[in-house]
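Read through the structure below, which is laid out as structure tokens, and then see the notes.
Every number in this text was worked out from the coordinates using simple rules, so none of it is lab data. Fair warning: this is a prediction, and the values are worked out from it, not measured in the lab. All Cβ positions, glycine included, derive from the backbone under ideal geometry; neighbour counts span all protein chains shown.
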Amino acid sequence: MQRANITASPGTERVATRRPGATLWLLRATATLHGLMVVAQPILAGVYLSGQFDALEPHSVNATLISTVSMVQLAASVLYAWPGGGRVWPAVFSLALFLAEGMQIGMGYTGNLAVHIPLGVSVVTAQIVFVVWVLRGGARRPRRPRRRALRPTAEPTSARITQTR
């Protein structure tokens, strides 16, 4: 995050922070694509469960593509956070989602539907909520600067409050 000290008057400082720009648009694009692909998964599973057994292959291929797009979303969220000046939690979220999707794929291939279905619902819900957040205005706000420990300093004479009777 770049900071520029702008002095308005003696003793007054304002800190300008960098706002996410191109990195936010990259994150928006990858998160939206990821969201669309994740929403397609239960549709493909439903087609399979309704009797079209050849629909399991597109469900499997889409799962593999989702894991690839999930890695791209993770990279985009890291770029959004550090060079872009955005918040850090989307990178942590994207990492957790990538790991959950890996587990989801494993549970699907082993046929453990007791974990596969609820985890799939959680993945779809989490990604859609993330897409809504990333497309709204809150994603444009820059990361808050770190709080530094306050050191005791001498008060300026103008800041002292004196009571007289």
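Separation between the residue 122 and residue 95 pseudo-spin-labels, each 7 Å from Cα along Cα→Cβ, expressed in nm?
My value for the distance between the label points is 1.8 nm.
For the stretch 20-136, what relative contact order do you get, as a whole percent, if you take Cα pairs closer than 8 Å and at least 6 residues apart?
This gives 34 percent for the stretch 20-136.
I want to check the label-to-label distance for residue 82 and residue 132. Put each point 7 Å from Cα in the C-beta direction and report it in nm to one decimal.
So the two model labels end up 3.1 nm from each other.
Residue 19 label point, 7 Å along Cα→Cβ, cut-off 17 Å on backbone N: hits in the stretch 60-85?
Residues 80-81, 84-85 qualify, since their backbone N sits under 17 Å from the label point.
Residue separation times 0.36 nm, minus the C-alpha to C-alpha distance between residue 115 and residue 75: what's the value? Can you show the working numbers first?
Numbers: separation 40, 0.36 × 40 = 14.40 nm, distance 2.73 nm.
Contour length minus Cα-Cα distance gives 11.7 nm.
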